[in-house]
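J.: The structure that follows is given in the form of structure tokens.
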Amino acid sequence: MLKVNRRESKYELLRILSMFMIVVHHFSVYGHFNDLKDNVDIGTVLLCLRPGGKIGVCIFVMISTYFLIGRKFKTSRIINVILVTFFYQIVIVLILSSWGKIKFNLDMLIPNYWFITVYVELLAFMLALNAAFRRYKRYLTNEIFLVIFYAFVVLLHLTKILDPNNSVISFLNPMEFIDFTLLYVITFYIKNKKVPNIIYWKAV
């Protein structure tokens, strides 16, 4: 019998919203607004749109990892992400170069996107993360979670202090990988500890 994967609309809508926030962020940062740079109102709007990129990435990663926690590790999942990215990169480069929007260069066909790189690293590391979660899940109290959370924050800041230019193994994006791993841990805690209920209970 064919197994049908059902998608939950609330998560899909939130994922679409996060992607929209990321697109708006890139529009505000990399858009050409030279003629409008002296317009204070437009400048203020663009400045307000920029944080949406970071927020959108966090939301997107947390939703994606929410459905990966506890699932069986599959190498095909990593290969699929790489192949799909490479396919769309080739198509977009060929279309833009044929329209004369960009000058074709073979280097453009080499995937070099920080998000995809870090996401693939997280998928590869997922096997170890899920194994650790299964083994130590019963010990993950609120206090232990806070310790883990602050440990990641300290590690992230130490990485930025020791390598501010992200020059050491920069192609692996170590700081972003720490960010994504922390988001994975937070998502695991939310999924298994019913965080919304805890928050509401403490608020009352």
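The values are calculated or read from the model by the stated rules, or taken from the named source; none is laboratory data. This structure is a prediction, so every number in the text was calculated from the model and none was measured. Counting neighbours? That spans all protein chains shown, and the Cβs are built from the backbone with ideal geometry, glycine included.
J.: Does Phe125 qualify as being out of contact with any His (no Cβ under 7 Å at 6 or more places or on another chain) and loosely packed, with under 13 Cβ neighbours inside 10 Å? Break it down into steps so the answer makes sense when it comes.
T.: Details: out of contact with any His (no Cβ under 7 Å at 6 or more places or on another chain): yes; loosely packed, with under 13 Cβ neighbours inside 10 Å: no.
Criteria not met by Phe125.
J.: Shifting gears a bit: What is the number of the single condition among (1) in a helix (DSSP H, G or I); (2) more than 13 Å from Thr65 (Cβ to Cβ); (3) at pLDDT below 80 that Ala131 does not meet?
T.: The failed condition is (3).
J.: Just to be sure I understand, how many residues within the range 52-70 are more than 13 Å from the chain's Cα centre (by Cα) and either at pLDDT below 80 or within 18 Å of Met175 (Cα to Cα) (or both)?
T.: 1
J.: Separate question: Hey, can you tell me all the residues within the range 10-39 that are exposed (fewer than 10 other Cβ atoms within 10 Å of the Cβ) and either closer than 14 Å to Ser64 by Cα or modelled with pLDDT of 90 or more (or both)?
T.: Passing the criteria: only Lys10.
J.: Please state which one of Tyr88, Tyr136, Tyr150 is assigned to a helix (DSSP H, G or I), over 18 Å from Asn192 (Cβ atoms) and modelled with pLDDT under 85. If you could, list the steps in order and put the result at the bottom.
T.: Numbers: Tyr88 fails: modelled with pLDDT under 85; Tyr136 fails: over 18 Å from Asn192 (Cβ atoms).
So the residue among Tyr88, Tyr136, Tyr150 that is assigned to a helix (DSSP H, G or I), over 18 Å from Asn192 (Cβ atoms) and modelled with pLDDT under 85 is Tyr150.
J.: Quick one: how many residues across the range 57-82 are part of a helix (DSSP H, G or I) and surrounded by 11 or more Cβ atoms within 10 Å (Cβ to Cβ)?
T.: Start the filter on the range 57-82 by keeping residues that are part of a helix (DSSP H, G or I), which leaves 57-66, 75-82.
After this cut, where a residue has to be surrounded by 11 or more Cβ atoms within 10 Å (Cβ to Cβ) as well, the list is 57-66, 77-82.
Adding up the residues that qualify gives 16.
J.: Are any residues in the range 46-56 of a type outside the set (Val, Ile, Thr) and in a helix (DSSP H, G or I), and if so, which ones? Before you say what the answer is, go through the steps one by one.
T.: Filtering the range 46-56 for residues of a type outside the set (Val, Ile, Thr) gives 46-54, 56.
Once the filter is applied, which keeps residues that are of a type outside the set (Val, Ile, Thr) and in a helix (DSSP H, G or I), the range 46-56 yields Leu46, Leu47, Cys48, Leu49, Pro51, Gly52, Gly53, Lys54, Gly56.
J.: Then there is this: Identify the residue in the range 83-103 that is loosely packed, with under 12 Cβ neighbours inside 10 Å and among the hydrophobic types (A, V, I, L, M, F, W, C) and, among all such residues, is nearest to Leu13 (Cα to Cα).
T.: Start the filter on the range 83-103 by keeping residues that are loosely packed, with under 12 Cβ neighbours inside 10 Å, which leaves 83-84, 87-88, 91, 95, 98-101, 103.
Retained after the next criterion (residues that are among the hydrophobic types (A, V, I, L, M, F, W, C)): 83-84, 87, 91, 95, 99.
Details: Leu83: 25, Val84: 22, Phe87: 25, Val91: 27, Ile95: 29, Trp99: 33 Å.
The residue in question is Val84.
J.: Based on what the data block shows, is Phe171 modelled with pLDDT of 80 or more, among the hydrophobic types (A, V, I, L, M, F, W, C) and farther than 22 Å from Gly56 by Cβ? Don't jump to the end; show me each part of the working.
T.: Details: modelled with pLDDT of 80 or more: no; among the hydrophobic types (A, V, I, L, M, F, W, C): yes; farther than 22 Å from Gly56 by Cβ: yes.
It is false that Phe171 is modelled with pLDDT of 80 or more, among the hydrophobic types (A, V, I, L, M, F, W, C) and farther than 22 Å from Gly56 by Cβ.
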